[in-house]
Amino acid sequence: FLEMAAYFCMKPKMGEKEVSPHSFFSIWHEFSSDFKDFWKKENKLILQERVKEAEEVCRQKKGKSLYNIRPKHDSGIVSKNCSDT
């Protein structure tokens, strides 16, 4: 534990000789709970952005026709017979 506290540059509070686990983990708990809250907010914002993008793509695809309609050409047996008369 003391090696880990030294790695994170924790110094003992006034009047204490060593860093206590309680002081270290109380700070760590605050940090981790704040980080979790921010993480959830960021994920929610990213999800909302992706939903908006997907809705926009869907609207664009609905605006376009899924198939093309070509005009009917006068070529075939019936059109040749009608033009001869």
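The values are calculated or read from the model by the stated rules, or taken from the named source; none is laboratory data. In this text the structure is predicted, and so the values were computed from the model without any measurement. Cβ sites come from the backbone with ideal geometry, for glycine too, and all protein chains shown count toward neighbours. We work out accessible area using only protein heavy atoms, side chains counted, and drop any ligands, DNA or RNA first. Shrake-Rupley method; radii C 1.70, N 1.55, O 1.52, S 1.80 Å.
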Quiz item: For segment 1-52, which chymotrypsin sites (Phe, Trp or Tyr not before Pro) are both in a DSSP coil and crowded by at most 13 other Cβ atoms within 10 Å?
Solution: F1, F8
Self-check item: Heavy-atom accessible surface of segment 1-73: percent carbon and sulfur, 1.4 Å
Solution: 60
